[in-house]
Amino acid sequence: MAAIVEPAEKPAAIVPFLDPEFIARLRAALPASCLLTDAEDTVTYESDGLFHLHEKPLAVALPEDELQVAAVLRACRDFQVPIVPRGAGTGLAGGALPHRHGILMSLTKMKALLEVDVAARQARVQPGHTNLAISQKVAAHGLFYAPDPSSQLASSIGGNVAENSGGVHCLKYGLTVHNVIGLRVVTSDGDVLELGGGSLDQPGYDVISILNGSEGLLGIVTEVRIRLLPTPPAIRVLLAFFPTTQDAGNAVGAIIGAGIIPAGLEMMDTKSMEASESFMPLGLRLDAGAGLLCELDGLPEEVEELTTWVSALMEQCNGFDIREADDEAQRARLWWARKGAYPALVKIANDVYICDSTVPRRSLGRVMAKIDVLSDQHRIPVAQMFHAGDGNIHPVLYYDSTQPGQSERAEELATDILKLVIAEGGTVSGEHGVGSEKLKGMCMQFDETELEAFQAVRRAFDPHGVLNPDKAIPTLHRCAEFGSMRIRFGQDPFAHLPRF
Ligand SMILES: Cc1cc2nc3c(=O)[nH]c(=O)nc-3n(C[C@H](O)[C@H](O)[C@H](O)COP(=O)(O)OP(=O)(O)OC[C@H]3O[C@@H](n4cnc5c(N)ncnc54)[C@H](O)[C@@H]3O)c2cc1C
């Protein structure tokens, strides 16, 4: 039975609303305080971190436990109502954007730290727990949780799993997928999958890896078992400046090529440093073409030796004014140069768009230079800041959508950047996911067979198609609608499909 009813009275402006029978199922599944249906209550959930896309959910479910999650999912399956899971809503690709004809499920009430097993260095957490608070709670045991997206103060562990989030420390310690060893997931049939567990090796397919980065399309994560690591005894951060981005890119190559694996290696261009400096003066060298931050951790003697080595490599690549920070306050100050750049740009610019993607490390300098050329061609300024160690770039386009033509030029520039990234052997999504906004990029990157294989995985988990529809994996018809094609071989595999 279809739950979406279009009111007959209003043919001009059709406002969908939910079938009363479906609402009754939700009310039976959830305590009264856990279901929002009034527009003034649901407005908070209209957007995630991708502010320019917004849509009203028809209702918001805020379950308090797994049984409630399952009951809501079964109701959505029975009434064919789309359901969009949401963590903290910090996603930058529109993954938690509500569906016009669906409901949203916020996992924020399920936020307990269920267990810390110090001996096994593991913890079990509910999906709404924030990332940073995990490390804060286990710090007394000399442990930490390594994946640290810059949004870690707010973003949830469930959202981190759904996006396979990265962060500064992922170069050395791996992405979310490398630090999650168990999951509880509720499927669209309301069944619970218990995947992985306390032991490090598991029989069967590696379904945990498929769930990491699945963007809420395969199931709703209700519990995460994570790996904890011992806090390193010594940590030092170096900040060096370079005449050009190419020099800084060469330094990245030299450090990694020498066999050194820093805990973090982050780069920013002059525009990013200018933005940071305007927000919080740190004495950054604005006469430099780029700044490179390198965090080294380990035993004190090891860190001492690595500092000397990395400084020498930076100097060989024309690095200058190299600064070091040992204590936590000094390190936080240096990191602010990088972590503050994006919030600073959001404050300065009318509109910003962050074009997360990944390129092979060897192409970093060249890609940065080409992005600068594209930025001039489209007359849209771009600030560049990124996780240089793993080639994950974040060109930030800033513009003013109130000025004629600027939004269109920004969109064209973003598409050109993705084409450049694919041509360089990279991927259209780095760590922020595909969500609603990179669907066209997926059509450019993958061919018909590959996209169909992704859809088959999706159907295996959610044959009813109710979980986060129209996100992450485009249908072939959607690709035809975009008029996009895979550019890898310069041919349009969708030419035979109808254009809408
Ligand atoms: C200032 C800023 C800095 C950022 N820095 C980084 C960074 O360094 N690295 C990085 O990787 N990302 C970064 N991000 C992006 C974002 O924070 C991450 O993608 C984060 O993991 C999203 O978590 P969330 O809880 O906010 O999820 P949401 O935005 O609420 O949701 C994200 C996706 O996950 C799905 N989802 C959420 N919870 C569940 C669940 N329990 N089960 C199934 N699906 C679920 C949603 O449907 C959606 O598709 C940044 C964002 C901001 C605003």
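The values are calculated or read from the model by the stated rules, or taken from the named source; none is laboratory data. No experiment lies behind these values; they were computed from the predicted model shown. Because the Cβ atoms are built from the backbone with ideal geometry, glycine has one as well, and the counts that use them run over all protein chains shown. Please note that ligands, DNA and RNA were not included when accessible areas were found on the heavy atoms of the full protein model with its side chains. Shrake-Rupley method; radii C 1.70, N 1.55, O 1.52, S 1.80 Å.
Note down the nm distance, to one decimal, between modelled labels 7 Å out along Cα→Cβ at His52 and at Ser209.
Using points 7 Å along Cα→Cβ, the separation is 3.6 nm.
Give the lysines reachable from Lys137 as a straight Cα distance under 29 Å; neighbours fewer than 8 places away on the same chain don't count.
In chain and number order, the partners are Lys109, Lys111, Lys172, Lys339.
Of the heavy-atom accessible surface of the range 334-474 (probe 1.4 angstrom), what whole percent is carbon and sulfur? Mind showing how you got there, number by number?
Numbers: 2790 of 5260 Å².
Whole-percent figure for carbon plus sulfur exposure: 53.
Can you give the angle from 0 to 90° between the axis of helix 20-29 and the longest principal axis of the chain, with both taken from C-alpha atoms, to the nearest 10?
Its long axis makes an angle of about 60 degrees.
Relative contact order, percent, of the chain when contacts are C-alpha pairs under 8 Å separated by at least 6 residues?
13 percent
By how many degrees, 0 to 90 and rounded to 10, does the Cα axis of helix 245-257 deviate from the longest principal axis of the chain?
Helix 245-257 sits roughly 90 degrees off the main axis of the chain.
Would you mind working out the accessible area per residue for the range 4-106, using a 1.4 Å probe, and quoting it in Å²?
Values: 4620 Å² over 103 residues.
Value returned for the range 4-106: 45 Å² of accessible area per residue.
Within the set of other residues whose C-beta is less than 13 Å from the C-beta of Asn250, count the net charge using Lys and Arg as +1 and Asp and Glu as -1.
Values: positive: Arg361, Arg362, Arg366; negative: Asp247, Glu315.
The answer is +1.
Please calculate the 1.4 Å probe accessible area of Asp78, with all protein chains present, and give it to the nearest 10 Å².
About 60 Å², rounded to the nearest 10.
Taking all protein chains together and a probe of 1.4 Å, list Ile255, Ile348, Ile210 from the most accessible to the least accessible. If you can, show how the numbers build up before the last one.
On the way: Ile255 0, Ile348 100, Ile210 80 Å².
Ranked from most to least accessible, the order is Ile348, Ile210, Ile255.
Evaluate E = 1/(1 + (r/R0)^6) for Glu40 and His178, where r is the Cβ-Cβ distance and R0 equals 41 Å; express this FRET efficiency to the nearest 0.05.
With R0 = 41 Å, the Cβ-Cβ based efficiency is 0.45.
Quick check: net charge around Arg25, other residues with Cβ under 12 Å of its Cβ, Lys/Arg +1 and Asp/Glu -1?
0
Tell me, what is the 1.4 Å probe accessible area of His54, in Å² to the nearest 10?
110 Å²
Which length gain, in nm to one decimal place, applies between Ala329 and Glu21 when the Cα-Cα distance is subtracted from 0.36 nm times their residue separation? Show your work: numbers first, answer last.
Details: separation 308, 0.36 × 308 = 110.88 nm, distance 5.65 nm.
Contour length minus the Cα-Cα distance gives 105.2 nm.
If the only charges are +1 at each Lys and Arg Cβ and -1 at each Asp and Glu Cβ, what is the size of the charge dipole of the chain around the Cα centre, to the nearest 20 debye?
On the way: 42 positive and 64 negative charges, 71 e Å.
Here the size comes out at about 340 debye.
For Asn350 and Val118, calculate 0.36 nm times their separation in residues minus their Cα-Cα distance, and state this gained length in nm to one decimal.
Numbers: separation 232, 0.36 × 232 = 83.52 nm, distance 4.68 nm.
Gain in length upon complete extension: 78.8 nm.
So how much accessible area does Thr244 have, in Å² to the nearest 10, using a 1.4 Å probe?
Accessible area, nearest 10 Å²: 60 Å².
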